[in-house]
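Beneath this line is the structure, given in structure tokens, with notes to follow.
The values are calculated or read from the model by the stated rules, or taken from the named source; none is laboratory data. Please read these numbers as outputs of a predicted model, since none were measured by experiment. Using ideal geometry, Cβ is built from the backbone for each residue, glycine included, and neighbour counts are taken over all protein chains shown.
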Amino acid sequence: MIVIQTQQWRNRIEKLLDVINYNGFEIIGEVKIKGEFAFTE
């Protein structure tokens, strides 16, 4: 599970997910934003 602070990655969450995929990891499900944090598996 990855948890990031949304304010820090405001308009770059998609870019971060692309980098995660590029490095051989698979994103399971959707990114869920709750308060100040974004969660993904």
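Select, from Ile28, Ile2, the only residue that is surrounded by 10 or more Cβ atoms within 10 Å (Cβ to Cβ), at pLDDT below 90 and of a type outside the set (Ser, Thr, Tyr). Checking each option against the conditions leaves just Ile2.
Report whether or not Val19 is within 9 Å of the chain's Cα centre (by Cα) and either at pLDDT 90 or above or assigned to a strand (DSSP E or B) (or both). So Val19 does not fit the description; no.
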